[in-house]
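Asker: Have a look at this one before I ask anything.
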Amino acid sequence: MSGAETTFVAQAFESNYIAPLGPMVDAFEQVFSETVGMRHAVALASGTAAMHLAMRFLEVGRGDMVIASTLTFVGSVSPAVYQGAEPVFIDSDRQSWNMNPDLLAEELRRCDRNGKLPKVIIPTDLYGQCCDMDRITDICEAYGVPVVADSAEAIGASYKGRHAGVGARAAVYSFNGNKIITTSGGGMLASDDREIIDKARFWSQQARELFPHYEHRELGYNYRMSNILAAIGRGQLQVLEERVQKKREIFEYYQANLSNLPGIEFMPEVLYGRCTRWLTVMLVTPETLGADREAVRLALEAENIESRPVWKPMHMQPVFKDCRVVGGSVAEDLFERGLCLPSGTQLSRNEQDKVIETIRKCR
Ligand SMILES: Cc1ncc(COP(=O)(O)O)c(C=O)c1O
C-alpha cells in the first residue's frame, strides 16, 4: 500500500457504503478506463470473473473451441471451460514468451480447413509484457474471431504506446494480492464496446432486472467489486507508474549483477513495448551454470528467500491432458529453466544483494 488508499477507504467508511457497489466503484472504473484508454470498464471480484463474463458475452458454450496461450496462469483458461468449451493451446515465441502469432495463424488455417473455427482467442500478456496484439488481431480478423486479452499481469504495460489489452475486443485485468497494484482481490473487464461492459455489469449483479422487486430473466453471478476494495484501488492507481518504475529498477539491478554469470539470462523485453517487469524472471542453463533451476530455487529457499518456477504450461497440466497443443517445446523449456525472483516493490537493496549473492554461489 502507498498510503493514499487510506484516504479513500476512510471516505468509503464515512459514506457507509459497505456494499458491492457504490461511488468508489464508479470512480475506480472511471479512472481505470482513463488509465488504460478504453471507453468502458466494470470492476469485479477477480480477473477470473472478468474473463468468465467475457466468455459468456461472446457466447462461448458447450462443444466450442477457444485458443489460449499455453504459458499462462489457469485463470486465463478456466472460465472458457466453465462455459463448456475446450481449449487449444499455443506455444510461446522466444522473444516475448507470449503467444506465437505464426503458430496461431497456422492453427487458424487448420481450423478453417476443418470447418470449425474457435469462438475466441485468449492471448496472455505474461509477467508484464504485452503479446504482439496487432499481429494477433490481424490474423484473427481474417477469420472473424474475437480476441480477449488476458492482461491480468500487465497493468501499466504498453504496446506501441498503447496500454496492454487495447486492440482486443475486451481485456481482463487482475488486482489480486500479488499484482503490481492490488485491491487484495479484484479484477476489471474493459472494452471500447459499451454493450459488453453493460451486460457484464448486469450479470455480475445476479442479473437483477430493473424492478423494485427481485426479478430475474436470466442467471447471473455475484461478481461485483466491493466499494471498500474499489477505494483501495483508487489509491493504488495513483502509484501505478511509480510501481512500474520501481519494478523496472529491481529488474535492472538483478540484470546488472547476474547477467555476467554464465548460464543466467533474463526474460527479453520486446522492442514494440514497455514491460512492467511485474516479476523479474531469469532462465538458468544448467550445463553452463553448474546448477539447474531447482537447485537455485532450493538454495534460495535455504536462505528463507521465496522464488517460484515460471508458470507450468497449460498443456502439461493434468487437468488439460487431453487438450490439443500447437508446438509446446518453448513453453516447456521456459518452465524447466525459468525462475521468478523476489520482485516486490518493498524489496531493499540489501535484500536484493542477498538474493544475488545466493544465486552467484550456486555456480
Ligand atoms: C495470466 C493471469 N490470468 C488470470 C488471472 C486471474 O486473476 P484473478 O486472480 O484476479 O482471478 C491471473 C492472476 O491471478 C493471471 O496471472
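Asker: Any residue in the stretch 256-274 that is of a type in the set (A, V, I, L, M) sitting within a Cβ distance under 8 Å of a residue that is part of a loop (DSSP other than H, G, I, E, B) and modelled with pLDDT under 95? List the pairs, counting only those 6 or more apart or interchain.
Answerer: Leu261/Arg363
Asker: Has the stretch 161-175 got any residue that is open to solvent by 10 Å² or more (accessible area, probe 1.4 Å) and among the β-branched types (Val, Ile, Thr)?
Answerer: Yes; the residues of the stretch 161-175 include at least one that is open to solvent by 10 Å² or more (accessible area, probe 1.4 Å) and among the β-branched types (Val, Ile, Thr).
Asker: Continuing with this model, one more query. Have a look at Ser259, Ser184 and point out the one that is open to solvent by 10 Å² or more (accessible area, probe 1.4 Å) and at pLDDT below 95.
Answerer: Numbers: Ser184 fails: at pLDDT below 95.
After applying the criteria, what remains is Ser259.
Asker: Return yes when Arg224 is open to solvent by 10 Å² or more (accessible area, probe 1.4 Å) and more than 21 Å from the chain's Cα centre (by Cα) and no when it is not. First the steps, then the outcome.
Answerer: Values: open to solvent by 10 Å² or more (accessible area, probe 1.4 Å): yes; more than 21 Å from the chain's Cα centre (by Cα): no.
Judged against the criteria, Arg224 is not a match.
Asker: Which of the residues that make up the stretch 144-160 are within 15 Å of the ligand (Cβ to nearest atom), of a type outside the set (A, V, I, L, M, F, W, C) and either surrounded by fewer than 22 Cβ atoms within 10 Å (Cβ to Cβ) or within 18 Å of Ile67 (Cβ to Cβ) (or both)?
Answerer: Matches in the stretch 144-160: Asp150, Ser151.
Asker: Looking only at the stretch 67-118, which residues are among the β-branched types (Val, Ile, Thr) and surrounded by fewer than 24 Cβ atoms within 10 Å (Cβ to Cβ)? If you could, list the steps in order and put the result at the bottom.
Answerer: Going residue by residue through the stretch 67-118, those that are among the β-branched types (Val, Ile, Thr) are 67, 70, 72, 74, 77, 81, 88, 90.
Matches in the stretch 67-118: Val74, Val81, Val88.
Asker: A further question on this structure: Can you find a residue that is farther than 30 Å from Glu241 by Cα, open to solvent by 20 Å² or more (accessible area, probe 1.4 Å) and over 24 Å from the mean Cα position of the chain (by Cα) anywhere in the stretch 329-351?
Answerer: No, that holds for no residue.
Asker: What are the residues in the stretch 82-117 that are farther than 30 Å from Phe266 by Cβ and within 13 Å of the ligand (Cβ to nearest atom), if any?
Answerer: The one that is farther than 30 Å from Phe266 by Cβ and within 13 Å of the ligand (Cβ to nearest atom): Tyr82.
Asker: Could I ask something else about it? Where the second residue is more than 9 Å from the ligand (Cβ to nearest atom) and open to solvent by less than 20 Å² (accessible area, probe 1.4 Å) and the first is polar (S, T, N, Q) and lies in the stretch 178-189, which pairs have Cβ atoms under 8 Å and are six or more apart or on separate chains?
Answerer: Short answer, once both residue conditions are applied: Thr182/Gln236; Thr183/Met225; Thr183/Ala230; Thr183/Gly233; Thr183/Gln236.
Asker: Which ones in the stretch 3-53 are within 16 Å of the ligand (Cβ to nearest atom), more than 13 Å from Ser174 (Cα to Cα) and assigned to a loop (DSSP other than H, G, I, E, B)?
Answerer: Of everything in the stretch 3-53, just one residue is within 16 Å of the ligand (Cβ to nearest atom), more than 13 Å from Ser174 (Cα to Cα) and assigned to a loop (DSSP other than H, G, I, E, B), namely Pro20.
Asker: Does any residue in the stretch 300-327 that is touching a residue at least 24 places away in the same chain (Cβ under 8 Å) and open to solvent by less than 50 Å² (accessible area, probe 1.4 Å) come within less than 9 Å, Cβ to Cβ, of a residue that is assigned to a loop (DSSP other than H, G, I, E, B) and basic (Lys, Arg) six or more places away or on a different chain, and which pairs are these?
Answerer: Correct list of pairs: His315/Lys321; His315/Arg324.
Asker: Separate question: So Arg217 ticks every box in (1) within 15 Å of the ligand (Cβ to nearest atom); (2) open to solvent by 10 Å² or more (accessible area, probe 1.4 Å) but one. Which box is left unticked?
Answerer: (1)
Asker: How many of the residues in the stretch 53-66 are open to solvent by 10 Å² or more (accessible area, probe 1.4 Å) and under 29 Å from Ser184 (Cβ atoms)?
Answerer: In the first step, residues of the stretch 53-66 are kept if they are open to solvent by 10 Å² or more (accessible area, probe 1.4 Å); the result is 56-59, 61-65.
So of that shortlist, the ones also under 29 Å from Ser184 (Cβ atoms) come out as 56-58.
Selection size over the stretch 53-66: 3.
Asker: Continuing with this model, one more query. Evaluate the following for Met65: is it of a type in the set (A, V, I, L, M), more than 24 Å from Arg243 (Cα to Cα), in contact (Cβ under 8 Å) with a residue 40 or more places away in the chain and away from the ligand (no atom under 13 Å from the Cβ)?
Answerer: yes
Asker: One residue is enough: does the stretch 31-43 have a residue meeting the conditions without any contact (Cβ under 8 Å) to a residue 40 or more places away in the chain and at negative phi?
Answerer: Looking for residues that are without any contact (Cβ under 8 Å) to a residue 40 or more places away in the chain and at negative phi, one finds at least one in the stretch 31-43, hence yes.
Asker: Further, regarding this structure: Regarding the stretch 278-291, can at least one residue be identified that is at positive phi and either among the polar types (S, T, N, Q) or open to solvent by 40 Å² or more (accessible area, probe 1.4 Å) (or both)?
Answerer: yes
The values are calculated or read from the model by the stated rules, or taken from the named source; none is laboratory data. All figures in this text were calculated on a predicted structure; none of them were measured in a lab. Note that each Cβ is placed from the backbone with ideal geometry, even for glycine, and that neighbours are counted across all protein chains shown. Keep in mind that these areas ignore ligands, DNA and RNA; they rest on the heavy atoms of the full protein, side chains included. Shrake-Rupley method; radii C 1.70, N 1.55, O 1.52, S 1.80 Å.
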